[in-house]
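The values are calculated or read from the model by the stated rules, or taken from the named source; none is laboratory data. Since this is a predicted model, take the numbers as computed values, not measurements. Note that we place each Cβ from the backbone using ideal geometry, even for glycine, and neighbour counts take in every protein chain shown. Just the protein is used for accessible areas: all its heavy atoms, side chains included, with ligands, DNA and RNA removed. Shrake-Rupley method; radii C 1.70, N 1.55, O 1.52, S 1.80 Å.
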Amino acid sequence: MIRIGIVDDHAIVRTGLRQFLSDHVDLRVTGEGSSGHDALEMARGGEVDVLLLDISMPDQSGVDALAAIKARFPELPVLILSGFPEAHYATTLLRQGASGYLNKECDPDEIANAIRLVARGRRYISPAVAEQLADSVVGGSGAGAAPDKPLHEALSEREFQVFLRLAQGETVGHIAEALFLSVKTVSTYRTRVLEKLKLQTNSDLTYYALKNGLIQ
């Protein structure tokens, strides 16, 4: 029996997933939550074998929640379930420790299969993500090469966290408090992010994030 935790801020999504998964004899939902804090508490309680985590939540993004969980419980498989297409987040979150990335529009059976796979310690890579990863390996040079990858994929895990928070209008002080960093450290990350994305202001960051579907 694989114990599953579902973390999504929409009750109807959690209900639909719970009902679907209950039809599978080897899968059982043992925890539900609506925030990053809930996800961390579930991981801390040891009540789940696989965590299904939404990327967009009100109190804390799934990016932040993933980082916190993997820092404390690196062996716990975390499957990202997102409304954003794979092209926007998948490779970045896989690099940051996610065991797989699923779009909410995928076939429900794909979710069940992904849960079983990551519960065995493997990663779930959808065909779309596999193609994206292959493109990143091929690179952007030479005849027939893949197009250049988005600039934000060059950001480190912490830079990506700071970038998303800045893009959503958070101040450096608030980010420092939320991520347990000094204001000076967050300011340094902000400078690096602006340089890597070739931007100048926080407004530019917001526009970039919206244009690339990284925030709503």
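Which ones in segment 109-134 are in contact (Cβ under 8 Å) with a residue 60 or more places away in the chain and either surrounded by fewer than 14 Cβ atoms within 10 Å (Cβ to Cβ) or more than 14 Å from Leu17 (Cβ to Cβ) (or both)? Spell out how you get there, then give the answer.
Keep residues of segment 109-134 that are in contact (Cβ under 8 Å) with a residue 60 or more places away in the chain, which gives 111-112, 115-116, 118-119.
Arg116, Val118, Ala119, listed by residue number.
Take the residues in segment 198-209 that are within 20 Å of Pro85 (Cβ to Cβ) and in contact (Cβ under 8 Å) with a residue 12 or more places away in the chain; name whichever of them is least open to solvent (accessible area, probe 1.4 Å).
Taking segment 198-209 and keeping what is within 20 Å of Pro85 (Cβ to Cβ), we get 206-209.
Adding the requirement that they be in contact (Cβ under 8 Å) with a residue 12 or more places away in the chain leaves 206, 208-209.
Values: Thr206: 41, Tyr208: 25, Ala209: 0 Å².
Across segment 198-209, the extreme among qualifying residues is Ala209.
Could you list, in sequence order, all residues of segment 44-65 that are part of a helix (DSSP H, G or I) and either over 21 Å from Ala112 (Cβ atoms) or open to solvent by 30 Å² or more (accessible area, probe 1.4 Å) (or both)?
At the first step, the residues of segment 44-65 found to be part of a helix (DSSP H, G or I) are 44-45, 62-65.
Correct list: Arg44, Gly45, Val63, Asp64, Ala65.
Take the residues in segment 11-21 that are farther than 18 Å from Asp49 by Cβ and without any contact (Cβ under 8 Å) to a residue 24 or more places away in the chain; name whichever of them is farthest from the chain's Cα centre (by Cα). Lay out the reasoning, then the answer.
We begin by selecting, within segment 11-21, every residue farther than 18 Å from Asp49 by Cβ; these are 11-13, 15-16, 19.
The next check asks that each one be without any contact (Cβ under 8 Å) to a residue 24 or more places away in the chain; those that pass are 11-12, 15-16, 19.
Details: Ala11: 19, Ile12: 20, Thr15: 21, Gly16: 21, Gln19: 24 Å.
My answer is Gln19.
Considering only segment 1-43, state which residues are under 30 Å from Gly169 (Cα atoms), of a type outside the set (A, V, I, L, M, F, W, C) and assigned to a helix (DSSP H, G or I).
Arg14, Gly36, His37, Asp38, Glu41
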